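The values are calculated or read from the model by the stated rules, or taken from the named source; none is laboratory data. Only a predicted model underlies this, so the values are computations on that prediction, with no experimental measurement involved. So basically every Cβ, Gly included, is an ideal-geometry build from the backbone, and we count neighbours across all protein chains shown. All accessible areas refer to the heavy atoms of the entire protein, side chains included, with ligands and DNA or RNA removed. Shrake-Rupley method; radii C 1.70, N 1.55, O 1.52, S 1.80 Å.
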Amino acid sequence: MVKVKAYELRSKNKEDLVRQLDELKTELQQLRVAKVTGGAASKLSKIKVVRKSIARVLTVFNQNKKNAVREAYKDKTHVPLDIRSKKTRALRRKLTFKQSEKLTTKAKKKAAHFPARKYAVKA
């Protein structure tokens with residue numbers, strides 16, 4: 001089998017990807033048997049190509065699955081952890097703009113009763 005391309009796999013649906021994955025796995029099985037029985041060198045070098053192809057198929061499959069979950073949770077308030085944006089720990093814990101703009105009752109009273117002074121500046 002020829003090395004599979006990721007952009008070709010993205011156009012395929014789930015059933016095609018699963019079918020191709022099964023084909024690649026059976027081919028890998030046959031190549032491993034050939035390796036044990038002392039097969040040709042061309043077959044031995046093909047093992048790496050087939051393994052990488054399996055990885056590509058699984059990667060595209062998982063990306064499609066994750067995109068489907070993202071679409072499902074698009075407008076929801078609570079989102080699974082693996083779908084949320086990673087950022088850094090500090091940024092995730094940082095106060096939102098709305099939270100940081102809030103004032104305590106004491107600060108509100110102070111702002112109301114003692115407004116900032118305005119000075120006339122000589123030019």
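In segment 31-111, which helices (runs of 4 or more DSSP H) lie fully inside it and hold 2 or more residues that are out of contact with any helix residue (DSSP H, G or I) (no Cβ under 6 Å at 6 or more places or on another chain) and closer than 30 Å to SER11 by Cα?
Working: elements: 41-72, 89-93, 97-101.
Filter on segment 31-111 gives 41-72.
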Selection from segment 19-52 of residues touching a residue at least 40 places away in the same chain (Cβ under 8 Å) and either open to solvent by less than 80 Å² (accessible area, probe 1.4 Å) or hydroxyl-bearing (Ser, Thr, Tyr) (or both) yields LEU21, VAL49, VAL50
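Being among the hydroxyl-bearing types (Ser, Thr, Tyr) and closer than 23 Å to LYS66 by Cα is the filter; apply it to segment 76-123 and report the residue that is most open to solvent (accessible area, probe 1.4 Å).
THR77
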